Each structure stands twice: as C-alpha cells, then as structure tokens.
Amino acid sequence: MPTTQDAQTNADRVYIFDTTLRDGEQSPGATMTLSEKLQIAELLDDMGVDIIEAGFPIASNGDFEAVAEIARRSKNSVIAGLARAIPADIDRAGEAVRHARRGRIHTFVSTSPIHLAHQMNKTQDEVLEIVTRTVTQARNLIDNVEWSAMDATRTPIDFLARCTDAAIRAGATTINLPDTVGYSTPEDYAAMFIAVMTKVPGSDKAIFSTHCHNDLGMAVANSLAGVRAGARQVECTINGLGERAGNAALEEVVMAIRTRGDSLPYMTGIETTHLSRVSKAVSAASNFPVQFNKAVVGKNAFAHESGIHQDGMLKNAQTYEIMTPESVGIKSTSLVMGKHSGRHAFKEKLRDLGYDLADNQFQEAFQRFKDLADKKKNVYDEDIMALVDDELGSAADRIKLVEMEVVSKTGGTHRCNLTLSIDGAVSAVSYEGTGSVDAIFQAIKKAVDADPHLVLFAIDAVTGGTDAQANAHVRLEMNNRIVSGNAAEPDTLMACARAYLNAYNRLMMERGAPAQGAMESAAG
Ligand code: KIV
Ligand code: ZN
C-alpha cells in the first residue's frame, strides 16, 4: 500500500491506480463476466499496478462478489471498492475489500455548484458535513481511505480546499480531484492542485490523485500536468476505457513517463512489457476493439508505411521510433505452431502468452487450436490469443451455434439456415435477409424470439493474409442495457453469428431472462 511516508521518501514515484474494472466497465457495452474480471485483475496485479479499483460493491451482488474475490486473490496490489457518500455503500465496500492483503475504501461526493444544485439538492455546509461523516465511517472500517471530490474541476477552489481539509482531518489517506466531465486543460488542472495543496495545511498528510476523463482528448495531458503539480497517484484505465470518451489511458501515462524522463522525471512500478498483453485481454473481455492508431497499443503504433519512414527504420530504428515495440511487449509476429504441434507445446505457448487455463478450458482451447491449424497453415501468437480470449468469453454462453448455412446470390436472395442449441435443446430456423449478415442476425432473432437493437457491428482481421481469422464485434441494446459480444473464426460469417450470440447471451445474463422466449422451431 502506498503510504504518505513512501511518497515522501520516494518523491518521484507515481502510483498507478487502475479503474478499468470500475470506471472502464461502466462504459455502455463494456460489461465483463466474473471470470473475465478475475483474469484482468490478475494481469494488472502481475503488471505492477499499485491499486486496482475492482468495482462498485453496492451496485449489485455480482459486483460485490467480483470485488470480494479479486480481494481474496490479490497478491501485491491494493484492492479498492467504490462507495457513494452513503453509509450502506461504505459498509458494503468495506466488506468486499476486507479479504484483500491490502484493501481500500474509495468514497466520493460531488462538490461543484451544478451538481449540488441539480443532482444533490444540498448546500455546501451539508456537503462538508457529509465529507467528515463518510470519511470517518470509512476510516473506522479500514486504514486506507480515498476521498474523491466529484466534478472537482468545476468546483470553486475555496470550497474544494475546505472539503479536502475536512477529508484529511477525518482520516483520508488519498485525495482524488477528478476532472469528471473532461473539461479541464493541463494548465487549469495543474493550477487546481497547486491551489488546493497550498490552501490546505495538512495536504502533506495525504497523497493527491488525478482522475481525468477524455471528453476533449486531454485526459493523459491533464493527468501528467497534475503529476507535475504534485499529484502522486494517477487514476487511469487500460485502452482508455471509461464513461463516455473514456479515462486517461494507463499505457499512455506510463509510457510517457518512461519515455520522457527528461521532462517527466518520475517513475512508476509498471512492468511495461506486459502492456500489449493486458491491452488485448481488456479489449477481448470488454469487447471494445482498440483503434488501429491508438498510441502505444494500437496495431499501427509501431507500423511504418511510407517509403521514407521505412528507409529510416532500416538504417536506424530511432529515426522514427521513440520507444521500441519490445518495451511494451510487442514481439515481431512469430509463427508458432501448426497441425502437428502437440498438447505440451500448446501448453507452453499459452504460458508464454500469459494464460493459465483450468483443465477443461485448456481441453476446449486445444481442440479449437487443432481445428484452426487444420484450416489455416500458419498459426500466429495473435491467432492463439484471439482463440483463447474467445473461448474464455463464451464459455458461459447458454445459446450456442450448432450449424449454419448461408446461401447468397448476386442480385438474388440471401438465406441463412441456422441451428442453435438453447439451454441444451436444439432448434432450427431459416431467414431470408437483405444480405448475408442481415440474414444471419435476423435468423438468430427469430430463433431466440427477441428483437435487440444492433448498436455496433464491426469486423477486423486478427493477422494478415486471406486465411486470417476474422474478429467480429457486435453491440446490442435491449431494455436500456447495452452489451457487447465478440468472436474470432477463420470463417467471417461464422464469426459474425457467434459474436451476435455472444452479445445476446450476455444480455440475457444481465437481465436474468430465460434463454428462450416463446421460441418455436421453425423453417421458412
Ligand atoms: O469521474 C469521476 O469523478 C469518478 C469518481 C467516482 C471518482 O469516476
Ligand atoms: Zn470517472
């Protein structure tokens, strides 16, 4: 646990607080299953994340269980649970993080005039009283308490300082001043920290923290400005996942500090060679594809296309590369195995790639690897990662694809004949659509007797080559819930069907509905 004393003896150390599993998971469609959350938490812990915000325990039993289990399994990271300024929230968060080797309650309350007037209907004095009462309650449960001033960047400095003072007096060990709405600029954000720290006499008793949203694309710049102004904890998420435009991206903050030591003379405890692997795992679990030109972890982040750049790279990589692909864990695409590779080699490869599968998961993954190697001559690391992530993400699916035939004719019809297994019962339907994908999606809707709204549909290739696996992403909305699904297959249409089913399965899991409505086997 980073203590104030650590920060004082190690003034340049910046603590990384990852909120992928809380703020990140809050973004519409990014819901993760328990096993996915456990996998991500373990990767974050292994990568050296100082604090993992594992969830919002009062939100649901599922959230509580996830935080409690992550706490039980934690190794080095501090495990934080979020709580509103409500006694029941704080008790629940305390209960969830109790089993962690090092736990933290993170409680927050809004401080800006607009939130006080329109959301909370409270006066400043009432908020001050709430801060003292809730931080005291949290401190009576645990010695590691973070207090956040929601919408800090739109709060008058004097009031923000009075709240901070009250929180520190009540025992808060970390003070987080978020740019909740992504409105700040680096200069304003730095000035806010300096002003609050100067006004609060006991500010040296707590570690100050940044938490920046990316609505104007300045989340990382603002976070680093906060660090320059004296903050020593940065709250961020893998791939910048988070509410609306997301949070500051962990990989960008960490690599900026590592690469620009000349102007950012700080250090983090992150093992940066894990970044690429964790980014892929979060993308697979949240079903949020990483944009190709995303800094640090995008597919194109280290690709050099223009002749001049390629020429420079061949002569000296530093001509166009400010950090090496290896430093973030990108290995040059390696040909791994083919159809003659056995279980042992496959197990070794999984270990190399950072997977630790249970026995049954390993058997399934190995079978799928064999099937893939039969169809595809060269099986790359990326293929195996897509396959295993897909397997982990769909293991709990109640509706599975048994068989599919798609018949498409130029200027003619597009028909999908589909057989699904729904909670073990086999059902067949047929549908004619305006195109192949439309026919597939409509056939599934007919089979499950539901009509979710398709919010997003995208496909990309896992590797190069015409035999590359297709990675299909589907986001569905129903009853005000948005969920995403993902699938990787050598056959593009099959990937589309399985991604749709994966999303629909998650939709059902969340609303707890039966797998099948008034479904009848049908053909026609
Ligand atoms: O953006 C925000 O203000 C938050 C708080 C709960 C810390 O996420
Ligand atoms: Zn936030």
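The values are calculated or read from the model by the stated rules, or taken from the named source; none is laboratory data. Predicted model only: the values in this text are computed from it and were never measured. As a convention, Cβ positions derive from the backbone with ideal geometry for all residues, glycine included, and neighbour counts pool all protein chains shown. For accessibility, only protein heavy atoms count, side chains too; no ligands or nucleic acids. Shrake-Rupley method; radii C 1.70, N 1.55, O 1.52, S 1.80 Å.
Quick notes on this one:
- Subset of segment 441-476 [open to solvent by 40 Å² or more (accessible area, probe 1.4 Å) and in contact with a Leu (Cβ under 8 Å, 6 or more places away or on another chain)]: HIS453, LEU454, VAL455
- Only one entry of THR272, THR237 meets the criterion of being out of contact with any Pro (no Cβ under 8 Å at 6 or more places or on another chain) and within 13 Å of ligand 1 (Cβ to nearest atom), and that entry is THR237.
- Residue match in segment 172-181 (condition: farther than 24 Å from ASP50 by Cα and among the hydroxyl-bearing types (Ser, Thr, Tyr)): no
- Positions within segment 403-413 being surrounded by fewer than 12 Cβ atoms within 10 Å (Cβ to Cβ) and part of a strand (DSSP E or B), in sequence order: GLU403, GLU405
- Hits in segment 367-425 - residues which are free of Cβ contacts under 8 Å to residues at least 40 places away in the same chain and over 19 Å from PHE441 (Cα atoms): GLN367, ARG368, PHE369, LYS370, ASP371, ALA373, ASP374, VAL388, GLU391, THR410, GLY411, GLY424
- Residue tally, condition open to solvent by less than 20 Å² (accessible area, probe 1.4 Å) and either closer than 16 Å to ALA138 by Cβ or without any contact (Cβ under 8 Å) to a residue 40 or more places away in the chain (or both), over segment 154-167: 5
- Close pairs from segment 65-77: first among the acidic types (Asp, Glu), partner part of a helix (DSSP H, G or I) and buried (at least 21 other Cβ atoms within 10 Å of the Cβ), Cβ under 9 Å, at least 6 apart: GLU65/ALA96; GLU69/LYS37; GLU69/ALA41
- When each of ASP438, ASP423 is tested for being open to solvent by 10 Å² or more (accessible area, probe 1.4 Å), in the same structural domain as ASN479 (by TED's automatic domain parsing) and touching a Phe, Trp or Tyr at 6+ places or on another chain (Cβ under 9 Å), the lone residue that passes is ASP438.
- Residue within segment 123-144 that is assigned to a strand (DSSP E or B) and either buried (at least 16 other Cβ atoms within 10 Å of the Cβ) or in contact with a Leu (Cβ under 7 Å, 6 or more places away or on another chain) (or both) present: no
- Restricting segment 168-216 to residues that are touching a helix residue (DSSP H, G or I) at 6+ places or on another chain (Cβ under 6 Å), away from ligand 2 (no atom under 16 Å from the Cβ) and in contact (Cβ under 8 Å) with a residue 40 or more places away in the chain, the residue that is most open to solvent (accessible area, probe 1.4 Å) is LYS205.
- The set of residues from segment 354-367 being open to solvent by 50 Å² or more (accessible area, probe 1.4 Å) and either in a helix (DSSP H, G or I) or within 15 Å of GLU489 (Cα to Cα) (or both) comprises ASP359, ASN360, GLN361, GLN363, GLU364, GLN367.
- For GLN119, the criteria (1) in contact with a His (Cβ under 8 Å, 6 or more places away or on another chain); (2) open to solvent by 20 Å² or more (accessible area, probe 1.4 Å) hold in every case but one, which is (1).
- Residue satisfying condition, being of a type in the set (Gly, Ala, Ser) and within 16 Å of ligand 2 (Cβ to nearest atom), within set ALA96, ALA11, ALA80, ALA41: ALA80
- Enumeration of residues in segment 177-216 that are part of a loop (DSSP other than H, G, I, E, B) and within 16 Å of ligand 1 (Cβ to nearest atom): THR180, VAL181, GLY182, TYR183, SER184, ALA206, ASN214, ASP215, LEU216
- Hits in segment 432-453 (condition: part of a strand (DSSP E or B) and either closer than 21 Å to THR413 by Cβ or at pLDDT below 90 (or both)): GLU432, GLY433
- For beta carbons closer than 7 Å, sequence separation of 6+ or different chains, a first residue in segment 13-34 that is within 16 Å of ILE58 (Cβ to Cβ) and touching a residue at least 60 places away in the same chain (Cβ under 8 Å) and a second that is within 14 Å of ligand 2 (Cβ to nearest atom) and open to solvent by 10 Å² or more (accessible area, probe 1.4 Å), the qualifying pairs are ARG22/PHE56; ASP23/GLU243; GLN26/GLU243.
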